[in-house]
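J.: Got a structure for you, questions after.
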Amino acid sequence: MDSITYQVDVPASIQHFGLNQKEVQRRLNEWLVLSLFSESKISSGKAARLLNISRIDFLDLLRERGVAYVNLDESELDDEISTALGIEPKQS
């Protein structure tokens, strides 16, 4: 995969947590991809490809990081629950 290099300043104290440059880069890449996914800018499949992992592994990563795979607003959630229960959804 092609790459581009950015210079990112991180606090020197980050080293106190045992993070070397490679680990910081891995975490920054992961955070960037997770944020793009959370903002609905990329699909789970694209996110997995960007992290060079399987889609199943990406879904596991979402769970580990507490990131919702499905992000429904209140109305959409009500409709989903009503449908699952066999109840006619409320009309807005």
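J.: Going toward the positive end of the dipole of the chain, with +1 on Lys and Arg Cβ and -1 on Asp and Glu Cβ, which of Ile42, Gly66, Val24 do you reach last?
T.: Result: Val24.
J.: After finding the eigenvalues of the alpha carbon gyration tensor for the chain, what semi-axes result from the square roots of 5 times each, listed largest first in whole Å?
T.: 36, 15, 12
J.: When only DSSP loop residues count, what trypsin sites (Lys or Arg not before Pro) in region 1-51 have their Cβ near at most 12 other Cβ atoms within 10 Å?
T.: Here the trypsin sites (Lys or Arg not before Pro) that fit, given the DSSP loop and packing criteria, are Lys41.
J.: Turning to a different aspect of this structure: Please identify the longest segment of the chain free of exposed chymotrypsin sites (Phe, Trp or Tyr not before Pro), where exposed means a DSSP state other than H, G, I, E or B and no more than 11 other Cβ atoms within 10 Å.
T.: With a cap of 11 other Cβ atoms within 10 Å, the longest stretch comes to 7-68.
J.: Hey, got a sec? Which GluC sites (Glu not before Pro) in region 7-53 land in a DSSP loop and have at most 14 other Cβ atoms within 10 Å?
T.: The qualifying sites are Glu39.
J.: Let me ask something else. Give, rounded to the nearest 20 debye, the magnitude of the charge dipole that region 1-75 has about its Cα centre when Lys and Arg contribute +1 at Cβ and Asp and Glu contribute -1 at Cβ.
T.: Here region 1-75 has a charge dipole of around 220 debye.
J.: Go ahead and estimate [θ] at 222 nm for the chain from helices alone: -39,500 (n - 2.57) per DSSP H run with n ≥ 4, summed, over the residue count, rounded to 500.
T.: Value at 222 nm, helices only, nearest 500: -16500 deg cm²/dmol.
J.: State, as an integer percentage, the relative contact order of region 12-85 based on alpha-carbon contacts under 8 Å between residues 6 or more apart.
T.: About 19 percent, as a whole number.
A short reminder: the numbers here are calculations on the coordinates, not readings from a lab. The shown structure was predicted, so the numbers you read here are calculated from the model rather than taken from an experiment. Neighbour counts are summed over all protein chains in view; Cβ atoms, including those assigned to glycine, are modelled from backbone coordinates with ideal geometry.
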